[in-house]
Amino acid sequence: MKFDLEGLTVHFPYAAIYPEQHAYMGELKRALDARGHALLEMPTGTGKTAALISLITSYSLANPSRPLRLIYCTRTVHEMEKTLAELRLLFAHLPPAASRSLLALGLSSRKNLCVHPQASAAAARDSVDTACRRLTASWVRDKAASDPDSTPLCDFFESFDRAATAGDLASYMPPGVYTLADLRALGRDRRICPYFLARQMVKYANVVVYSYQYLIDPKVSSIVSREMQKECVVVFDEAHNIDNVCIEALSVSIRKQTLEGAERNLRRISHEIDRFKATDANRLRAEYNRLVDGLAQRGNLPISDTWLANPALPDDILKEAVPGNIRRAEHFLAVLRRLVRFLDGRLDTENVENEMPVAFVASIHSQAGIDQKMLRFCYDRLHSLMLTLEITDTDEFMHIQTICDFATLIGTYTRGFSIIIEPYDERMPDIRDPVIQLSCHDASLAIQPVFERFQTVVITSGTLSPIDLYPRLLNFNPVISRSFTMSLTRDCICPMVLTRGSDQLPVSTKFDMRSDPGVVRNYGRLLLEMAAAVPDGIVCFFVSYSYMDGIVNSWNEMGILQDIMQHKLVFIETPDVVETTLALDNYRKACDCGRGAIFFSVARGKVAEGIDFDRHYGRLVIMFGVPFQYTLSRILLARLEYLRETFQIKEGDFLTFDALRQAAQCVGRVIRSKADYGMMIFADKRYSRHDKRSKLPGWILSHLHDAHLNLSTDMALHIAREFLRRMAQPYDKTGSGGSKTLLTEEDLQKMAQDAMEM
């Protein structure tokens, strides 16, 4: 359909549109007009992706003099494929002239795009990268030119290089939408490397879909996203955890194994330097001269030689000359050896230590003789040395890269970080496992360059409540900040807060109550009663793996688990991805064949973040407890202190906000469209408190009636039966009268006329 939105012609790929999609597009258009950032919360299952790509593409087509490019960031490959499928549908509904001129593609790692038979066979991502470099590095290709028989090359990359040199890449990728599978098929058919082709064509594409890391992690973004212009709209989808992604991008952990691996790496580099001195000393001399001029003088590297870039963000580091005492390769190695020895000494501690970067750098200087400037250049100096020594198997050098990553970050930043040294994990004090953790506390450090560089950044998700906390956490000022509700023809969402069991004993996962036999039994009875009453699939979320193991074990000893299995089969998420995938497949089969199933999962796990339990796969979700973070974690305590001092965010407010967004993310898995229906049980007495409950998203709160707030198991069972009976009745999908939930083109025209008359 095609409709007018405040003077803009919008092309939409469906015959009807939800009212909240229309309102969402209106807010998005205002943000684009103002060239500012937006923060938008939209309920799950209401077509957020379709609304976003339709509006931004239509806006770009309407302004040919100022064409906007869309960078759409997702968390998983599965979400990337869904977005590209929506784009394909949209492109099919655009005017032929427009669709023939637009290019949209997904970009992922070599692991997901490589088509070389041997390189793509490697299991790990780093192994695929290394296998690729062994076939495509510039020095490997130079060697092959003189000795073609003994040096294997990648035919796919060679044809890419010939096309790039001839300026003929566009002929390989005509306008259209390219998913990862399409890129691989194109690579096989045309005998060209899909990974490097996509990397090059990103510069010319109208829509690019890729992972958060490609824009937030400075090690990756400065290679992949360097060419992106200011006239880009950046969308972070499912961005409720974006602050954690930013923090992880700038955090580093070092264990004993890391230091042992780094020592092995240094011995290997030393052998390589000795070999080069004997065979090609000029290369080392040329590198030394280049470093005198500064790192920026090294010129543009061939695309196949680019490696993870500097983990620190400031650009001015590239304009300085490398410190004289690490210019010579052997001097630099001596510095790294001293640094590794210093860190090894710091790991031999019996007490927990917490230091700021300034104090830690001062102790490195006094004990190892390495100053801040040398630390700052470690990562780039290592990169330069590895290129000079023509090292291709970079996956073997991960340990020394981690050490240099750590050194560069502590040498660059003085605020927003702390170094925490722990001799053992508090949860397992008998097992000695010392670790040095450089922990970033300020999410705005990684995302600030994105806000400054692009004219509009849209942060959107189904769970952004309370929405006013995100601008403070990420330190930006959105021009539009809004939370939308869901328009429904029937109450197909039924949230309930269960505070006590049938015996009226309160239930909670509070630390002092969670192992109480009465609480464990009441939780088990709740699940048993629901398994008998609710058809098809039930999903249960627990606060942690250890709690899930403990309570399932207790249910087994009490005989409750056997009773549950009489009604439905039980499947469990584990930390192993393969096991969990298999469990999910079998869970779906059990729901499909009518046997019914229950899936036990963990908040903050893979299932809670990315798996949808739509239709009969999820008729009920039970959230056992409030998923607070482990509050004795030293890293969390340091971050809370930083948030309080810097952004005036109280510890309790942040912990509650974080726990409730995870709980909302878990229960939101069951509603994936308006035709769907499902129940949500928040099983913990703490949810009945207003300060906790009010932090849930508005689209859940609007259906949480007062009568559903303080329930026992038998009351919840009665409400569930009534709800399921109501959902079995036929209903009008489009709505009627003033509460239409599907708007056609005629409805939109009538709304526009009414608005003009008013």
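The values are calculated or read from the model by the stated rules, or taken from the named source; none is laboratory data. Predicted, not measured: the structure shown is a model, and the values here were computed from it. Glycine gets a Cβ as well: all are built from the backbone with ideal geometry, and neighbour counts include every protein chain shown. SASA here: full protein model, heavy atoms, side chains in, ligands and nucleic acids out. Shrake-Rupley method; radii C 1.70, N 1.55, O 1.52, S 1.80 Å.
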(message) Looking only at segment 128-163, how many residues end up being of a type in the set (G, A, S), surrounded by fewer than 16 Cβ atoms within 10 Å (Cβ to Cβ) and either part of a helix (DSSP H, G or I) or in contact with a Phe, Trp or Tyr (Cβ under 9 Å, 6 or more places away or on another chain) (or both)?
(response) 3
(message) Condition first: modelled with pLDDT of 90 or more, closer than 20 Å to L464 by Cβ, open to solvent by 10 Å² or more (accessible area, probe 1.4 Å) and in contact with a Leu (Cβ under 9 Å, 6 or more places away or on another chain). Can you find one or more residues in segment 35-48 that meet it?
(response) yes
(message) Every residue in segment 353-377 that is open to solvent by less than 60 Å² (accessible area, probe 1.4 Å) and not small (G, A, S), please.
(response) E353, E355, P357, F360, V361, I364, I370, D371, M374, L375, R376, F377
(request) For segment 672-683, state whether one or more residues are modelled with pLDDT under 95, open to solvent by 10 Å² or more (accessible area, probe 1.4 Å), assigned by the TED database to the domain that holds L505 and of a type in the set (K, R). (result) yes
(request) Give the residue, chosen from L464, L469, L488, that is of a type in the set (A, V, I, L, M, F, W, C) and buried (at least 22 other Cβ atoms within 10 Å of the Cβ). (result) L464
(request) Collect the residues in segment 365-418 that are over 29 Å from the mean Cα position of the chain (by Cα) and β-branched (V, I, T), keeping them in residue-number order. (result) I370, T388, I391
(request) Among residues belonging to segment 175-230 that are acidic (D, E) and outside the structural domain of K111 (by the TED database), point out the one that is nearest to R66 (Cα to Cα). (result) E227
(message) Can you name every one of the helices (runs of 4 or more DSSP H) wholly within segment 641-716 that holds 1 or more residues which are touching a strand residue (DSSP E or B) at 6+ places or on another chain (Cβ under 6 Å)?
(response) 651-667, 698-701
(request) Specify which of the listed residues (F624, F628) is open to solvent by less than 40 Å² (accessible area, probe 1.4 Å) and at pLDDT 90 or above. (result) F624
(message) Would you confirm whether or not segment 320-341 contains a residue that is under 21 Å from Q437 (Cβ atoms) and surrounded by fewer than 20 Cβ atoms within 10 Å (Cβ to Cβ)?
(response) yes
(message) Given (1) open to solvent by 30 Å² or more (accessible area, probe 1.4 Å); (2) in a helix (DSSP H, G or I); (3) free of Cβ contacts under 8 Å to residues at least 40 places away in the same chain, identify the lone condition not met by T402.
(response) (3)
(message) Conditions first: (1) in a helix (DSSP H, G or I); (2) surrounded by fewer than 17 Cβ atoms within 10 Å (Cβ to Cβ); (3) at pLDDT below 95. A185 passes all but one, so which condition is the exception?
(response) (3)
(message) Given the criteria in the same structural domain as I410 (by the TED database), modelled with pLDDT of 80 or more and of a type outside the set (G, A, S), does R338 qualify?
(response) yes
(message) Filter segment 188-209 down to the residues that are buried (at least 24 other Cβ atoms within 10 Å of the Cβ) and of a type in the set (S, T, Y) and list them by number.
(response) Y195
(message) Of everything in segment 173-182, what is open to solvent by 40 Å² or more (accessible area, probe 1.4 Å) and either part of a loop (DSSP other than H, G, I, E, B) or over 15 Å from L107 (Cβ atoms) (or both)? Give them in sequence order.
(response) P174, P175
(message) Every residue in segment 29-56 that is over 24 Å from A608 (Cα atoms) and of a type in the set (S, T, N, Q), please.
(response) S54
(request) Determine, yes or no, whether S439 is buried (at least 19 other Cβ atoms within 10 Å of the Cβ), among the polar types (S, T, N, Q) and either on the phi > 0 side of the Ramachandran plot or not in a helix (DSSP H, G or I) (or both). (result) yes
(request) Would you point out which residue out of S101, S109 is of a type in the set (S, T, Y) and open to solvent by 40 Å² or more (accessible area, probe 1.4 Å)? (result) S101
(request) Confirm whether L389 is buried (at least 19 other Cβ atoms within 10 Å of the Cβ), closer than 17 Å to K219 by Cα and modelled with pLDDT under 95. (result) no
(message) Quick check on segment 115-127: of everything there that is surrounded by 12 or more Cβ atoms within 10 Å (Cβ to Cβ) and among the small types (G, A, S), which residue is nearest to L387 (Cα to Cα)?
(response) S127
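Yes/no per residue for (1) in a helix (DSSP H, G or I); (2) of a type in the set (S, T, Y); (3) at pLDDT 95 or above; (4) open to solvent by 20 Å² or more (accessible area, probe 1.4 Å):
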{"site": "R514", "(1), (2), (3), (4)": "no, no, no, yes"}
{"site": "C540", "(1), (2), (3), (4)": "no, no, yes, no"}
{"site": "M548", "(1), (2), (3), (4)": "yes, no, yes, no"}
{"site": "N556", "(1), (2), (3), (4)": "yes, no, yes, yes"}
{"site": "I564", "(1), (2), (3), (4)": "yes, no, yes, no"}
{"site": "T581", "(1), (2), (3), (4)": "yes, yes, no, yes"}
{"site": "D585", "(1), (2), (3), (4)": "yes, no, yes, yes"}
{"site": "R588", "(1), (2), (3), (4)": "yes, no, yes, yes"}
{"site": "F600", "(1), (2), (3), (4)": "no, no, yes, no"}
(message) Can you confirm whether P575 is assigned to a loop (DSSP other than H, G, I, E, B) and crowded, with 20+ Cβ neighbours inside 10 Å?
(response) no
